[in-house]
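Everything below concerns the one structure shown next.
The values are calculated or read from the model by the stated rules, or taken from the named source; none is laboratory data. From a predicted model like this one, the values you see are computed outputs, not experimental measurements. Every residue, glycine as well, gets a Cβ built from its backbone with ideal geometry; the counts of neighbours run over all protein chains shown.
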Amino acid sequence: MTSQQSQNDSWLSRLEDHLKRARYSPQVARRCAVRARQFLAYLHKRHIVLEATQPSDVNLYLRNKLELFRQRHQRAPKSPMVDWRSSHAAGIHMLLRLVKGRWPPTPIPSTPREVFHQQVCQEYDRWMSDLCGLAPNTRSCRCAEASRFLIWLEQRSGSRNLIDITGVEIDAYTRFRATSLCRRTLRNHATEMRSFVRFLHSSGRVAHDLSTEVIGPRCYAFEDIPSSLRPEEVRAVVETTQKDRSREGRRDYAILMLLSIYGLRAGEITTLRLEDVDWRSEVLRIRQSKTGIHSQLPLLPTVGNAILDYLRKGRPKASAREIFIRHHAPYGPFRSGCSLYWLIRNRLTAAGIDRPSKQGPHSFRHTRAVSMLRAGVPLKEIGDVLGHRSAASTTAYLKLATEDLRGVALEVPAEVKA
């Protein structure tokens with residue numbers, strides 16, 4: 001046995017230990033280990049070192065496996081191609097994450113064009129951080145749009161020179177992007193483009209500030225009515241979920257209590273940690289996902305009991321400090337607040353609530369804001385509970401209190417009706 005084969009066997013053993021610790025089912029663990037072993041045999045046959053494996057090697061391996069399947073069965077796989085590929089690649093990706101620490105790896109620019117684009121985007125990111133103080137997520141989205149624009153511009157003109165950019169190119173790119181964007185998203189695109197063009201001028205890459213020539217669609221303030229649930233619908237979904245005494249039911253009930261009583265954002269719930277619950281002082285510490293600041297809310301008995309019941313009887317054993325854990329392997333925290341969408345959607349469906357509007361976690365936040373408005377709570381205090389930095393963010397919820405507006409509406413004089 002060669003040293004490389006011995007090293008591969010060592011990595012395979014570590015993969016099997018990882019699958020066992022992560023509590024994957026025996027069937028899934030066995031399938032992942034088999035796929036990884038087959039991939040290692042493929043690499044050894046082609047004299048490719050595991051540590052030097054690239055995404056192109058994995059893609060070529062999967063194409064070869066698919067071709068062998070078609071030759072053997074004289075047909076394509078019955079399952080959708082995405083599912084077939086995921087089934088064959090899952091174990092390989094786990095193995096490569098153990099070996100490299102990160103997979104897929106961050107692409108390294110290999111051409112002058114890619115080096116130039118990376119340099120511009122890195123300078124742009126520092127500019128947004130140092131001069132504008134923008135959050136990492138915002139900077140990431142704007143850098144992605146800048147990269148798309150640079151690629152489009154080079155494909156259009158075949159040049160990396162930015163000094164000759166005019167409003168004509170910017171308008172052409174906006175029309176190109178408009179084919180796949182809705183009106184509100186296109187407005188956000190215009191904002192991102194103005195920021196990037198302003199940076200190009202500030203850094204001396206463009207002679208004139210063309211940010212004023214970036215035109216986006218007009219969107220009126222509060223033109224959309226936020227989605228919300230009726231109080232009886234909130235009670236129905238909470239009561240239905242409370243009757244589910246499974247591990248998932250206890251978890252989902254605790255999440256619904258946080259949504260309905262405090263109006264928390266989904267991201268604030270998924271990042272809630274064990275140390276954020278102060279049981280002695282009966283305080284719940286919340287890190288606002290948008291502003292990044294910390295706030296404290298009173299830990300109400302109903303919420304505390306729901307969380308405690310989940311921690312004692314529902315939460316899987318996991319090393320993660322986040323309170324809420326996925327109930328399938330790998331047992332760990334939710335990746336983001338978006339992960340709660342289908343969880344909440346399924347609970348609404350189970351309660352017999354089927355509405356054409358959005359049915360995600362944010363509808364509970366809107367409902368909570370309206371209930372406080374109708375209870376006469378000042379906007380400032382509502383904003384404090386919801387974690388709003390400015391009162392303008394809270395006033396959007398006024399549009400939902402239509403019944404209250406009807407109550408104060410003036411009667412139309414008879415002579416006007418005539």
Would you mind finding the one in R345, R368, R406 that is modelled with pLDDT under 65, out of contact with any helix residue (DSSP H, G or I) (no Cβ under 6 Å at 6 or more places or on another chain) and assigned to a helix (DSSP H, G or I)? R406
Every residue from segment 197-218 that is surrounded by fewer than 18 Cβ atoms within 10 Å (Cβ to Cβ) and assigned to a loop (DSSP other than H, G, I, E, B): S203, G204, R205, A207, H208, D209, I215, P217, R218
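Looking at segment 1-25 only, could you name the residues that are in a loop (DSSP other than H, G, I, E, B) and closer than 18 Å to I92 by Cβ? Walk me through it before giving the result.
Step one: filter segment 1-25 for residues in a loop (DSSP other than H, G, I, E, B), giving 1-2, 22-25.
Answer for segment 1-25, where residues must be in a loop (DSSP other than H, G, I, E, B) and closer than 18 Å to I92 by Cβ: A22, Y24.
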Selected residue (criterion: surrounded by the most Cβ atoms within 10 Å (Cβ to Cβ)) from residues of segment 168-196 that are in contact with a helix residue (DSSP H, G or I) (Cβ under 7 Å, 6 or more places away or on another chain) and more than 27 Å from L131 (Cβ to Cβ): A178
Say whether the condition of being assigned to a helix (DSSP H, G or I), within 29 Å of the chain's Cα centre (by Cα), of a type outside the set (S, T, Y) and surrounded by fewer than 15 Cβ atoms within 10 Å (Cβ to Cβ) is met by at least one residue in segment 33-56. yes
For the structure I just gave you, tell me whether H362 is assigned by TED's automatic domain parsing to the domain that holds Y262 and touching a residue at least 60 places away in the same chain (Cβ under 8 Å). yes
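Tally the residues that are of a type in the set (V, I, T) and either at positive phi or at pLDDT 75 or above (or both), restricting the search to segment 386-402. It would help to see each step written out before you state the result.
Initially, segment 386-402 is screened for residues of a type in the set (V, I, T), giving 394-395, 402.
Still in the list and also either at positive phi or at pLDDT 75 or above (or both): none.
Total meeting the criteria: 0.
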Determine whether T302 is β-branched (V, I, T) and in contact with a helix residue (DSSP H, G or I) (Cβ under 7 Å, 6 or more places away or on another chain). yes
Name every residue in segment 365-388 that is under 17 Å from L229 (Cβ atoms), of a type in the set (V, I, T) and free of Cβ contacts under 8 Å to residues at least 24 places away in the same chain, in order of residue number. none
Within segment 303-335, work out how many residues are within 11 Å of T270 (Cβ to Cβ) and either of a type in the set (D, E, K, R) or outside any loop (DSSP other than H, G, I, E, B) (or both). 5
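Would you confirm, using the coordinates I've provided, whether N59 is without any contact (Cβ under 8 Å) to a residue 24 or more places away in the chain, under 31 Å from the mean Cα position of the chain (by Cα) and more than 27 Å from A320 (Cα to Cα)?
Values: without any contact (Cβ under 8 Å) to a residue 24 or more places away in the chain: yes; under 31 Å from the mean Cα position of the chain (by Cα): yes; more than 27 Å from A320 (Cα to Cα): yes.
Yes; evaluated as a whole, the condition is true for this residue.
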Which count do you get for residues in segment 240-284 that are in contact (Cβ under 8 Å) with a residue 12 or more places away in the chain and not in a loop (DSSP other than H, G, I, E, B)? 31
Of the residues Y331, Y310, which single one is closer than 23 Å to G249 by Cβ and either at pLDDT 95 or above or surrounded by fewer than 17 Cβ atoms within 10 Å (Cβ to Cβ) (or both)? Y310
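Could you list all residues from segment 355-365 that are within 17 Å of V238 (Cβ to Cβ) and either at pLDDT 75 or above or within 23 Å of the chain's Cα centre (by Cα) (or both)?
At the first step, the residues of segment 355-365 found to be within 17 Å of V238 (Cβ to Cβ) are 355, 359-365.
Answer for segment 355-365, where residues must be within 17 Å of V238 (Cβ to Cβ) and either at pLDDT 75 or above or within 23 Å of the chain's Cα centre (by Cα) (or both): Q359, G360, P361, H362, S363, F364, R365.
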